[in-house]
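What follows is one structure encoded as structure tokens, with my remarks underneath.
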Amino acid sequence: MIEILSPSELPRARETGALVANILQTARSRATVGTNLLEIDQWTKAMIADAGAQSCYVDYEPSFGRGPFGHYICTSVNDAVLHGLPHDYTLADGDLLTLDLAVLLGGIAADSAISFIVGDSQPAESVALITTTERALAAGIAAAGPGARIGDLSHAIGEVLSAAGYEINTEFGGHGIGSTMHQDPHISNTGRPGRGYKLRPGLLLALEPWIMSDTAELVTDEDGWTLRSVTGGRTAHSEHTIAITEDGAEILTLPH
Ligand code: MG
Ligand code: MG
């Protein structure tokens, strides 16, 4: 199913997007050496409740996880890249942490992910992973607008990832979003321009390039949710929810 928002619904989508962005930035600013992943989950639970919003993750039971999820945010550390299940782990200097959050407010969902390095050290490989996914995300957004096709976005994202020397996994990618978190169309992180669904105003999309340092192969953790690089190499993931507008694309999940 592909949902198209009416112009009167866009302000509500902006509110959800701003909430997701602000929770992620607050969690990022608080997460430091010595923070436990379960604390981040509890902060997120409280911020969602304070806003009168609902988690898209609690009780989520998709085919790719051992459901129900049971937590409020995904916390993926180092070789973990997607769907990181919060657990009893204390962050150390130099850890590469990805926070991925989706929330429902006023009947509209938004979804965003950020990767960053905990503490003061800045390992070059981690910096390169993070900046590459951020550049790929920006390229995908730049390719989005009315009349563009999904393949144009996939191609733009994939070109950045490939040019930086990373292999691309096509098992998980971006997606439509609206009254629920995961909708059609699927947005692969590589593809051919000119192919696929044609974008139109009112469509909400979550774009989410992610990469692993030295492989494209995932392995599922014993927890049944967390997806890690098969080599143990580091990983990064960047995601925004955007709205297709009359003259381009608007990023909904920028912090205010
Ligand atoms: Mg997400
Ligand atoms: Mg997503």
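Read the figures in this text as sums done on the coordinates, not as results from a lab. This one's a predicted model, so the numbers in the text were calculated from it and none came from an experiment. Note that each Cβ is placed from the backbone with ideal geometry, even for glycine, and that neighbours are counted across all protein chains shown.
Okay, here's what the table says:
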read-out	value
At most 16 other Cβ within 10 Å, DSSP loop - GluC sites (Glu not before Pro), the range 1-86	Glu3
Global geometry of the range 7-56, whether rounded, prolate or oblate, following the gyration tensor of its Cα atoms and the 1.5 cut on a/c	prolate
When the range 1-135 is reduced to its Cα atoms, the Kirkwood hydrodynamic radius in Å	15.7 Å
Rounded to whole Hz, the Karplus (6.51, -1.76, 1.60) HN-Hα couplings of the range 64-80, x for glycine and proline	8, x, 9, x, x, 5, x, 9, 9, 8, 9, 10, 10, 10, 6, 7, 7
Most mobile of Ala138, Ala110, Ala46 in a GNM of the chain (Cα contacts under 10 Å)	Ala46
Leading residue at positive end of dipole, the range 81-200 (Cβ point charges), from Ala144, His182, Phe172	Ala144
Over 29 Å [Cα-Cα, the range 7-251], rounded percent	24 percent
Stokes-Einstein translational diffusion, the range 156-256 - Kirkwood Rh over all Cα pairs, 1.567 mPa s, 4 °C, in µm²/s	86 µm²/s
Over the range 44-88 - Rg/Rh using Cα atoms and the Kirkwood inverse-distance radius	1.00
Relative packing of peptides 83-91, 155-163, 69-77 - highest average C-beta neighbours within 10 Å first	69-77, 155-163, 83-91
Coil-residue trypsin sites (Lys or Arg not before Pro) of the range 177-256, DSSP, other Cβ within 10 Å capped at 12	Arg195
HN-Hα J in Hz across the range 122-133 - Karplus 6.51, -1.76, 1.60, θ = phi - 60°, x for Gly and Pro	10, x, 4, 4, 5, 4, 5, 4, 5, 5, 5, 5
